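In what follows, a structure is listed as structure tokens, so that the remarks can point back to it.
The values are calculated or read from the model by the stated rules, or taken from the named source; none is laboratory data. Please read all numbers here as calculations on a predicted model, not as lab measurements. Backbone-built Cβ (ideal geometry, glycine too); neighbour counts: all protein chains shown.
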Amino acid sequence: MRAVEGIWRWRRNPLRRGTDRLEAWLALATAVLIAVGAPAAGWFTGRAAHGALLEAVRLQQHQRHLVWATADGPASDVPADPDPETAPQRDAHLRVLAHWPGPDGRRWSGEVTAPHPADAGDRFRIWADAQGRAVTRPMDEGTAAAHAVLAGGGAAAAAGALVEGGRRLVVRRLMARRFRRWDAAWARAGQDWGRAGAGS
């Protein structure tokens with residue numbers, strides 16, 4: 001609204017400079033671009049990200065599967081007396097050495113995170129890839145949608161900031177041009193400016 005008011009105010013003002021009108025039109029264009037262009041950039045980015053993430057979800061769900069693992073004992077780096085109130089220390093209790101079968105019958109072993117505290121011989125399920133390596137749980141569609149929304153929101157914010165940054169840069173150059181013109185006008189007026197017939 002301020003941009004429209006600025007354009008209307010400068011429409012027939014005798015003090016209007018070309019840079020004033022340009023600045024008002026620039027403000028209006030910036031407002032339109034932020035109101036329309038930024039959400040459009042966010043929507044297209046979010047949509048593209050959602051499609052790519054859904055493809056990753058399908059791929060992970062196809063390549064990863066649950067297998068039964070057997071605990072061999074606690075992981076070697078579990079602290080002797082951890083503070084149970086902190087999340088990393090709670091998770092440390094769940095780290096165990098375990099073994100599990102691969103899809104080709106080969107035995108795999110390593111340090112994994114159990115879903116609950118496990119003693120040697122306890123069985124639990126873990127996610128493994130097509131080769132049999134322990135991997136993280138596959139992404140679900142809800143997580144993919146949340147990431148896509150974040151990507152779209154970030155793109156919209158970045159587009160808006162880029163447009164506003166461009167406007168500020170142009171306005172700064174316009175102000176520099178105005179100051180140069182004022183300096184030139186003052187230099188032409190000389191030291192006798194405003195003193196008609198001073199004779200010196």
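Quick one: which of Ala69, Ala114, Ala80, Ala120 is surrounded by 16 or more Cβ atoms within 10 Å (Cβ to Cβ) and either modelled with pLDDT under 90 or farther than 22 Å from Met139 by Cβ (or both)? Spell out the reasoning first.
Numbers: Ala69 fails: either modelled with pLDDT under 90 or farther than 22 Å from Met139 by Cβ (or both); Ala80 fails: surrounded by 16 or more Cβ atoms within 10 Å (Cβ to Cβ); Ala120 fails: surrounded by 16 or more Cβ atoms within 10 Å (Cβ to Cβ).
Every option except Ala114 fails the conditions.
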(request) From Gly46, Gly105, grab the single residue that is at pLDDT 75 or above and either touching a helix residue (DSSP H, G or I) at 6+ places or on another chain (Cβ under 6 Å) or part of a strand (DSSP E or B) (or both). (result) Gly46
